[in-house]
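Have a look at the structure below, then the notes.
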Amino acid sequence: MNVTISEYLDTAGLNASQFAAMLGVDSKTVLRYRNGERTPTPEMMTKIYTQSGGVVTPNDFHELPDLP
């Protein structure tokens, strides 16, 4: 199941500033990811995956379908 970073933040009750602090980036960066204005680097995707407990995956940024 694809979960966008926006959906994850809403479900987890986190705002962009809180998640940005967890990732070690500026909140504007998270907002750009959230709004689809920027795609995270592979290294940042790993951090997002780890900090979200595996909920947000790299596929979620590239709109790839889930595997059966």
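The values are calculated or read from the model by the stated rules, or taken from the named source; none is laboratory data. Predicted model only: the values in this text are computed from it and were never measured. Note that we place each Cβ from the backbone using ideal geometry, even for glycine, and neighbour counts take in every protein chain shown. Calculation scope for accessible area: heavy atoms of the full protein, side chains included, ligands and nucleic acids excluded. Shrake-Rupley method; radii C 1.70, N 1.55, O 1.52, S 1.80 Å.
A few comments on the model shown:
- Residues within segment 16-38 that are open to solvent by 60 Å² or more (accessible area, probe 1.4 Å) and farther than 14 Å from Y49 by Cβ, tallied: 13
- In segment 39-68, the residue that is modelled with the lowest pLDDT out of those that are buried (at least 17 other Cβ atoms within 10 Å of the Cβ) and hydrophobic (A, V, I, L, M, F, W, C) is F61.
- Residue within segment 3-15 that is open to solvent by 70 Å² or more (accessible area, probe 1.4 Å), assigned to a loop (DSSP other than H, G, I, E, B) and at pLDDT 95 or above present: yes
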